[in-house]
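Here, each number is a calculation from the coordinates, and none is a lab measurement. If you're wondering where the values come from, they're calculated on a predicted model, not measured in any experiment. A quick note on method: Cβ atoms are made from the backbone with ideal geometry, for glycine too, and the neighbour counts reach across all protein chains shown.
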Amino acid sequence: MRRLWGSLVAVTLFTTGFAAHAEGLSVGQVAPAWSKLEGTDGQTHGSADFANDQGLLIVFFSIACPDCELYLDRIRETAASLKKQGIATVLVNVSVENGESLDKMKAFGKEHDLSMPYVKDPAQRLGKSFGATVTPEFFLLDKAGRLVYRGALDDHWKASKVKKPYVRQAARQMLAGEPIAVPSTDPFGCTIDYED
């Protein structure tokens with residue numbers, strides 16, 4: 001769906017922004033194991049499902065967030081590129097809003113022909129343990145489950161002006177065994193509301 005950017009800005013001004021990292025997973029730490037999260041494909045998913053992959057990109061993603069819609073094509077392109085390199089991608093929804101039920105997520109996945117797992121985390125445990133603050137927010141894990149990058153997908157909301165594809169660069173360096181030049185950035189998107 002295409003929208004006029006002026007309208008999109010007006011809608012998102014009150015709900016989005018740059019976010020500093022919250023408490024949670026730090027670069028170099030091993031991510032907590034997770035399991036039994038129901039996906040839009042009717043299956044349950046967990047971290048063990050990706051044990052044979054060369055890495056895993058976890059994307060906190062909301063179907064109600066205009067920034068997620070803005071980035072969706074880029075997320076799909078990134079996921080396809082990473083898949084060719086043996087890195088899996090999973091989308092995670094931690095919203096407790098009624099408009100983001102699993103049924104709504106399934107409809108979204110079907111409409112947009114999502115080929116990657118999209119799971120619901122109703123207890124918000126994964127979001128809290130990672131320290132996710134906005135959607136979309138990206139966490140790249142290596143084969144051992146260590147966090148090598150967290151933050152934004154790239155350096156510009158407008159695809160044509162992207163100069164630094166942070167996630168792809170981190171993935172390339174991770175697979176080559178090189179230090180990650182930019183291991184974290186401030187993500188931009190819709191604020192995640194956590195229940196106490």
Worksheet item: For Rg/Rh (Cα atoms, Kirkwood Rh), the choices are (1) 0.93; (2) 1.20; (3) 1.22; which was calculated from the structure?
Response: (1)
Worksheet item: Using only helices, what value at 222 nm comes out for the chain when you add -39,500 (n - 2.57) per DSSP H run of length 4 or more and divide by the total residues, to the nearest 500 deg cm²/dmol?
Response: -8000 deg cm²/dmol
Practice prompt. Name the shape class, rounded, prolate or oblate, that the alpha-carbon gyration tensor gives for segment 31-140, where a ≥ b ≥ c are the square roots of its eigenvalues, rounded holds for a/c under 1.5, and otherwise prolate holds if a/b is larger than b/c and oblate otherwise.
Written response: rounded
Worksheet item: Around Val134, which amide H atoms from residues at least 5 apart in sequence, or from another chain, sit under 5 Å from its own amide H, with H modelled in the peptide plane?
Response: Ile192
Worksheet entry | Contour excess over end-to-end distance, with Cα ends at Ala107 and Val182 and 0.36 nm allotted per residue | 23.4 nm
Response to the item:
Karplus-derived 3J(HN,Hα) from phi for segment 117-130 (6.51 cos²θ - 1.76 cosθ + 1.60, θ = phi - 60°), whole Hz, x at Gly and Pro, runs x, 10, 10, 9, 10, x, 8, 6, 5, 5, x, 5, 5, 7
Discussion item. To the nearest 20 Debye, how big is the dipole of the chain about its Cα centre, given +1 on the beta carbon of each Lys and Arg and -1 on that of each Asp and Glu?
Written reply: 660 debye
Item to complete: Give the residues of segment 138-168 whose amide nitrogen is closer than 18 Å to a point set 7 Å from the Cα of Ser115 in the direction of its Cβ.
Response: 168
Response to the item:
With Gln85 itself left out, Lys, Arg at +1 and Asp, Glu at -1 over residues whose Cβ is under 15 Å from its Cβ give +1
Worksheet item: Considering amide H positions built from the backbone, and no H for Pro or chain starts, which residues 5 or more places from Gly55, or on another chain, come under 5 Å of its amide H?
Response: Ala88
Worksheet, complete the sentence: Whole-Hz Karplus couplings 3J(HN,Hα) for segment 47-58, θ = phi - 60° and coefficients 6.51, -1.76, 1.60, Gly and Pro as x, run 4, 5, 5, 10, 4, 8, 7, 7, x, 9, 9, 9
Worksheet item: From the backbone phi of segment 185-196, what are the Karplus-calculated ³J(HN,Hα) couplings (6.51 cos²θ - 1.76 cosθ + 1.60, θ = phi - 60°) in whole Hz, Gly and Pro given as x?
Response: 9, 7, x, 10, x, 7, 5, 7, 9, 9, 7, 5
